[in-house]
1. Hey, could you check region 8-24 for residues that are assigned to a helix (DSSP H, G or I) and small (Gly, Ala, Ser) and say which is surrounded by the fewest Cβ atoms within 10 Å (Cβ to Cβ)?
2. If we scan region 25-39, do we find a residue that is without any contact (Cβ under 8 Å) to a residue 40 or more places away in the chain, in a strand (DSSP E or B) and either of a type in the set (Lys, Arg) or in contact with a helix residue (DSSP H, G or I) (Cβ under 6 Å, 6 or more places away or on another chain) (or both)?
3. From the residues in region 56-76 that are of a type in the set (Ser, Thr, Tyr) and part of a helix (DSSP H, G or I), which one is surrounded by the fewest Cβ atoms within 10 Å (Cβ to Cβ)?
4. Farther than 24 Å from residue 18 by Cβ and at pLDDT below 85: is that true of residue 93 in this structure?
5. When residue 79 is evaluated against the numbered criteria (1) modelled with pLDDT under 75; (2) part of a loop (DSSP other than H, G, I, E, B), which criterion, by number, is the only one it fails?
6. Looking only at region 9-43, which residues are at pLDDT 90 or above and small (Gly, Ala, Ser)?
Amino acid sequence: MQLGVIADDFTGATDIASFLVRNGMPTVQLNGVPTRDLPLTSEAVVISLKTRSCPAEMAVSQSLAALRWLQAGAVSSFISSTVPLSTAPRRATLARCWMPCWPSWVRRGR
């Protein structure tokens with residue numbers, strides 16, 4: 001896989017998955033962090049979490065679990081599609097590889 005995306009809700013995950021597919025990247029969307037290895041042949045995988053409205057510690061824990069699953073699958077690039085932390089009820093520090101992802105970036109191939 002070339003690209004792994006971690007989204008903080010189902011709607012955001014569906015949006016980014018559709019942007020990727022529309023721009024020619026075969027994509028699989030998963031709900032939650034998989035509990036086992038999955039034989040994925042797509043170029044991208046989008047993991048949908050329910051972390052937008054949960055406590056910060058839980059959101060970070062679930063997000064890092066998703067990141068570890070993607071890293072174990074040899075994903076070479078990562079994108080986070082999340083609410084900016086400045087608007088979250090409590091600040092949290094996420095892994096350095098995270099960055100906001102907007103549709104215009106995906107269209108330009110970033």
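The values are calculated or read from the model by the stated rules, or taken from the named source; none is laboratory data. Everything numeric here is computed off the predicted structure, so don't read it as measured data. Methodologically, a virtual Cβ is constructed for each residue, glycine included, from the backbone with ideal geometry; neighbour enumeration extends over all protein chains shown.
1. Per the criteria, the residue is 18.
2. First, the residues of region 25-39 that are without any contact (Cβ under 8 Å) to a residue 40 or more places away in the chain: 25-39.
Add one more test, that the residue is in a strand (DSSP E or B), and what stays is 27-31.
Among the residues that remain, those that are also either of a type in the set (Lys, Arg) or in contact with a helix residue (DSSP H, G or I) (Cβ under 6 Å, 6 or more places away or on another chain) (or both) are: 27, 29.
Checked region 25-39: at least one residue is without any contact (Cβ under 8 Å) to a residue 40 or more places away in the chain, in a strand (DSSP E or B) and either of a type in the set (Lys, Arg) or in contact with a helix residue (DSSP H, G or I) (Cβ under 6 Å, 6 or more places away or on another chain) (or both).
3. Within region 56-76, the subset of a type in the set (Ser, Thr, Tyr) is 61, 63, 76.
Now restrict to residues that are part of a helix (DSSP H, G or I): 61, 63.
Values: 61: 14, 63: 23.
Selected residue: 61.
4. Numbers: farther than 24 Å from residue 18 by Cβ: yes; at pLDDT below 85: yes.
Taking the combined requirement at face value, the residue satisfies it.
5. (2)
6. 13, 17, 18, 24, 32
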